[in-house]
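Notes for the one structure printed next.
The values are calculated or read from the model by the stated rules, or taken from the named source; none is laboratory data. Note that the structure is predicted; figures quoted are calculated from it, not measured. Positions of Cβ are backbone-derived with ideal geometry, glycine not excepted, and every protein chain shown enters the neighbour counts.
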Amino acid sequence: MSVEAATETGEFQPSPAPTELTEPFWTGGLSGELRLQRCADCGHVRYPVSTICPRCLSPEATWSAMSGRGIVQSYIVFERAYHEAWASQVPYVVALIELAEGPVLISNVVGVEPSAVRVGQPVSVVFERRSATAALPQFAPRTDATAAVEGGTER
Ligand SMILES: [Zn+2]
């Protein structure tokens, strides 16, 4: 993993290191798109990024822009930084985000107090630029009318 001082404060922040395989995923966010592979043979949207479809084993895929909408499937709140780069970030939320298209991403819920995050909460993707070649997809609570219709179970 490459490391760049990419934040305005000059804090140390590890950055994603795109490969030939994952580059469209990381650069998509620079254009405001959450891009995942869609199998050219069976249509399955796959994540993590892979060289073959886990459903039909086809190597053929196209990169497609997702809706960016999903729900919080599960989450935890990190109260302690396990790396110095995140020392100023705690507490922060690491969550499983179930996309409307099906795949589940491990990401962060941002733009809300950790205590306000809920399982089933509708969220939309936002991007944090980490380098010239990578933007990190994260998710923020969705408050539009669509969210009210699609809203999941709240505890
Ligand atoms: Zn397939």
* May I ask you to list pairs of residues, at least six apart or on different chains, whose Cβ atoms are under 7 Å apart, with the first in the range 34-51 being farther than 21 Å from V125 by Cα and the second being more than 13 Å from the ligand (Cβ to nearest atom)? => T51/L21
* **Criterion: more than 22 Å from R142 (Cα to Cα), away from the ligand (no atom under 16 Å from the Cβ) and either touching a Lys or Arg at 6+ places or on another chain (Cβ under 6 Å) or β-branched (V, I, T) (or both) - qualifying residue of T22, T51** => T22
* Yes or no: A17 over 16 Å from the mean Cα position of the chain (by Cα), over 24 Å from R142 (Cα atoms), surrounded by 13 or more Cβ atoms within 10 Å (Cβ to Cβ) and hydrophobic (A, V, I, L, M, F, W, C)? -> no
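Only one residue in V112, V126 is surrounded by 14 or more Cβ atoms within 10 Å (Cβ to Cβ) and under 16 Å from F25 (Cβ atoms), so which one is that? First the steps, then the outcome.
On the way: V112 fails: under 16 Å from F25 (Cβ atoms).
Being surrounded by 14 or more Cβ atoms within 10 Å (Cβ to Cβ) and under 16 Å from F25 (Cβ atoms) holds for just one of V112, V126, which is V126.
Of all residues in the range 25-45 being within 16 Å of the ligand (Cβ to nearest atom) and touching a strand residue (DSSP E or B) at 6+ places or on another chain (Cβ under 6 Å), which is farthest from F139 (Cα to Cα)? Steps first, answer last, please.
Of all residues in the range 25-45, those within 16 Å of the ligand (Cβ to nearest atom) come to 36-45.
From the residues that got through so far, the ones that are touching a strand residue (DSSP E or B) at 6+ places or on another chain (Cβ under 6 Å) too are 36-40, 45.
On the way: L36: 16, Q37: 19, R38: 21, C39: 25, A40: 27, V45: 19 Å.
Across the range 25-45, the extreme among qualifying residues is A40.
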* To do: Write out, first by first residue and then by second, each pair whose Cβ atoms fall under 7 Å of each other, whose residues are 6+ apart or on separate chains, and whose first residue, in the range 112-137, is outside any strand (DSSP E or B) while the second is surrounded by 20 or more Cβ atoms within 10 Å (Cβ to Cβ) and among the aromatic types (F, W, Y).
  => T133/W26
* For S58, which of the numbered conditions (1) exposed (fewer than 13 other Cβ atoms within 10 Å of the Cβ); (2) at pLDDT 95 or above; (3) among the small types (G, A, S) fails to hold? -> (1)
* **Residues satisfying the stated conditions in the range 54-74, i.e. touching a residue at least 12 places away in the same chain (Cβ under 8 Å), within 13 Å of the ligand (Cβ to nearest atom) and in a loop (DSSP other than H, G, I, E, B)** => R55, C56, S58, E60
